[in-house]
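The next block holds one structure in the form of structure tokens; read it before the comments.
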Amino acid sequence: MSIWEYANPVKFMRTSGAILPWVVAGAAVCTVTGLTWGFLTPEDYRQGSTVKIVFLHVPAAMMAINIWVMMLVASLIWLIRRHHVSALAAKAAAPIGAVMTVIGLITGAVWGQPMWGTWWEWDPRLTSFLILLLFYIGYMALWSAVEDPDSAADLTGVLCLVGSVFALLSRYAVFFWNQGLHQGASLSVQSGERMSAVYRYPLYLTMLGFGLLFLSLLLIRTRTEIRKRRLAALQAREMRT
């Protein structure tokens with residue numbers, strides 16, 4: 001069995017319909033449990049109760065970047081192999097990624113204000129994250145502006161390649177520039193920099209929940225895009241007859 005079998009819309013619809021209820025259930029359980037567990041954790045000795053914003057900010061920011069990476073992979077598959085499901089999946093993912101980026105920016109501002117004394121700073125990571133949001137908006141606008149779906153997929157695929165630079169900068173800016181207010185990674189493999197287990201384990205669960213939430217929404221939206229494509233094809237056929 002090849003993974004390319006799922007590029008067939010019929011195969012994709014059948015398989016995604018079977019797994020979707022389980023993914024939705026997993027997303028609900030992990031997200032609700034993780035957030036509840038996280039907000040019941042004790043206050044941090046330095047940041048107080050504001051540290052609990054981490055349970056929204058980190059998963060949302062992580063998904064905002066990773067969703068763009070997923071769109072990049074899907075766009076490359078379209079540009080190279082011309083599989084329509086991959087192009088529709090990239091299109092379906094964009095609004096979800098934009099919402100995650102907005103959540104990341106808002107929660108970051110709320111978290112940063114008591115820590116930094118300002119709602120916003122032109123920090124390298126913050127600035128690149130804001131530019132990533134603009135790329136999300138531009139990506140969605142380009143899909144809406146171009147009538148031919150294949151041409152829209154081609155153009156947005158190229159835009160996705162360019163926007164990937166800022167997705168990477170959002171993740172690794174602190175390694176490129178030392179200046180800026182944004183802290184380093186909240187989760188680190190180095191034992192001396194690890195977050196306390198009190199916060200780390202509920203954060204892991206919330207991150208898993210956000211990942212499953214994205215997968216749920218992606219499957220739902222991709223299935224909707226496939227149905228819209230089928231409907232448009234049927235309408236075009238009826239007009240020719």
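The values are calculated or read from the model by the stated rules, or taken from the named source; none is laboratory data. Keep in mind that what you see is a predicted model, and the values were worked out from it rather than measured. As a convention, Cβ positions derive from the backbone with ideal geometry for all residues, glycine included, and neighbour counts pool all protein chains shown. Note: areas computed on protein heavy atoms with side chains; ligands, DNA, RNA excluded. Shrake-Rupley method; radii C 1.70, N 1.55, O 1.52, S 1.80 Å.
Odds and ends about this structure:
- The conditions of being out of contact with any Leu (no Cβ under 9 Å at 6 or more places or on another chain) and either at positive phi or among the small types (Gly, Ala, Ser) (or both) are met by Gly117.
- Yes/no for Thr36 being closer than 21 Å to Ala197 by Cβ and either exposed (fewer than 14 other Cβ atoms within 10 Å of the Cβ) or acidic (Asp, Glu) (or both): yes
- Condition broken by Trp120, with the remaining ones in (1) among the aromatic types (Phe, Trp, Tyr); (2) touching a His at 6+ places or on another chain (Cβ under 8 Å); (3) outside any helix (DSSP H, G or I) satisfied: (2)
- If you go through region 79-96 and pick out every residue that is without any contact (Cβ under 8 Å) to a residue 24 or more places away in the chain and assigned to a helix (DSSP H, G or I), you end up with 1.
- Residue list for region 160-169, restricted to those being crowded, with 18+ Cβ neighbours inside 10 Å and either touching a Gly at 6+ places or on another chain (Cβ under 9 Å) or closer than 30 Å to Ala233 by Cβ (or both): Cys160, Gly163
- Flag for Val51 being in a helix (DSSP H, G or I) and in contact with a strand residue (DSSP E or B) (Cβ under 8 Å, 6 or more places away or on another chain): yes
- Test for Val99: is it more than 16 Å from Thr222 (Cα to Cα), of a type in the set (Val, Ile, Thr), open to solvent by 40 Å² or more (accessible area, probe 1.4 Å) and without any contact (Cβ under 8 Å) to a residue 12 or more places away in the chain: yes
- Candidate set: region 110-130, residues that are within 18 Å of Ile65 (Cβ to Cβ) and modelled with pLDDT of 85 or more; chosen: the one surrounded by the fewest Cβ atoms within 10 Å (Cβ to Cβ): Leu130
- Verdict on Ala153 being touching a Pro at 6+ places or on another chain (Cβ under 9 Å), touching a residue at least 40 places away in the same chain (Cβ under 8 Å) and open to solvent by less than 20 Å² (accessible area, probe 1.4 Å): no
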